[in-house]
Amino acid sequence: MRRRIYWLLPDLESARATMDDLLLARIEERHIRFVAREGSDMSDLHAASVLETSDVVRSAEMGLILGAGVGALLGALVAVHYPIIGDEPQWGLAGALAVAGALFGTWASTMIGISTPSKRLTRFMPQIEQGQLLLMVDVPVWRVQEVEARLLALHPEAHLEGTEPDIPAFP
């Protein structure tokens, strides 16, 4: 189980130094991510992916649920009122339309969600637009206090923005 710690860093040099200190503290690079203003030079830093900076995962979940529901409802209406063979309802058609609706809903909503900023990061957007960098580091629960204390001691210019108790399993 991991916790996500958020830090705001004032500039690129501070971000690089913080990355080095986290690597020396044996935090794997894949658990360290940075978010910066569009067009910033992120060389030598592990930039956050689109899955972490957009609302694509939440949108996909909503599309799956809504698409399956609408598909099942439409499938049930078609199965009862317009049976393909005979006069009996075709319940297999309802299931097939529910699956098709779920797939279409997921696809359509991810197209929308990929262009929507993450709800988890909206509180940091004003600082990021001013040129600060957001550091997201995922650490085991038992190392949260150790990592926070280390960064507070080594980087007084950084600002601790808190921890998130439940980091998303995906991404």
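Quick note: the coordinates plus some simple rules give every number you see, no bench work behind them. Quantities reported herein were computed from a predicted structural model and do not represent experimental measurements. Glycine also receives a Cβ, built like all others from the backbone with ideal geometry; neighbour counts cover every protein chain displayed.
Of note:
- Histogram of C-alpha separations across the chain, 5 Å bin width, %: 2, 8, 14, 15, 13, 10, 8, 6, 6, 5, 4, 4, 2, 1, 0, 0
- Point-charge dipole on Cβ atoms (K/R +1, D/E -1) for the chain, about Cα centre, debye to 20: 280
- Label-point gap, in nm, between Leu73 and Asp44 - each point 7 angstrom along Cα→Cβ: 5.6
- Selection from Ser49, Ile128, Thr110 lying farthest towards where the dipole of the chain points positive, charges on Cβ: Thr110
- Remark: Ile27, Ile65 ranked as Ile65, Ile27, counting other beta-carbon atoms within 10 Å and listing the fewest first.
- Exposed-site-free run, longest, the chain (rule: trypsin sites (Lys or Arg not before Pro); DSSP loop; at most 12 other C-beta within 10 Å): 27-118
- The charge dipole of region 19-99, taken about its Cα centre with unit charges on the Cβ atoms of Lys, Arg (+1), Asp and Glu (-1) only, comes to about 220 debye.
- With 10 Å bins from 0: P(r) over region 56-113, alpha-carbon pairs, percent: 31, 39, 20, 9, 1
- Sorted by Cβ neighbour density within 10 Å, fewest at the top, the residues Phe104, Phe34, Phe124: Phe104, Phe124, Phe34
- For the chain, calculated [θ]222 nm from helices alone, where every DSSP H run of n ≥ 4 adds -39500 (n - 2.57): -15500 deg cm²/dmol
- Residue exposure sequence - Met136, Met111 - by fewest surrounding Cβ within 10 Å: Met111, Met136
- Charge dipole magnitude, Cβ of K and R +1, D and E -1 - region 92-169, Cα centre, debye nearest 20: 240
- Averaging the sequence gap over all C-alpha pairs within less than 8 Å and six or more residues apart, then dividing by the number of residues, gives the chain a relative contact order of 44 percent.
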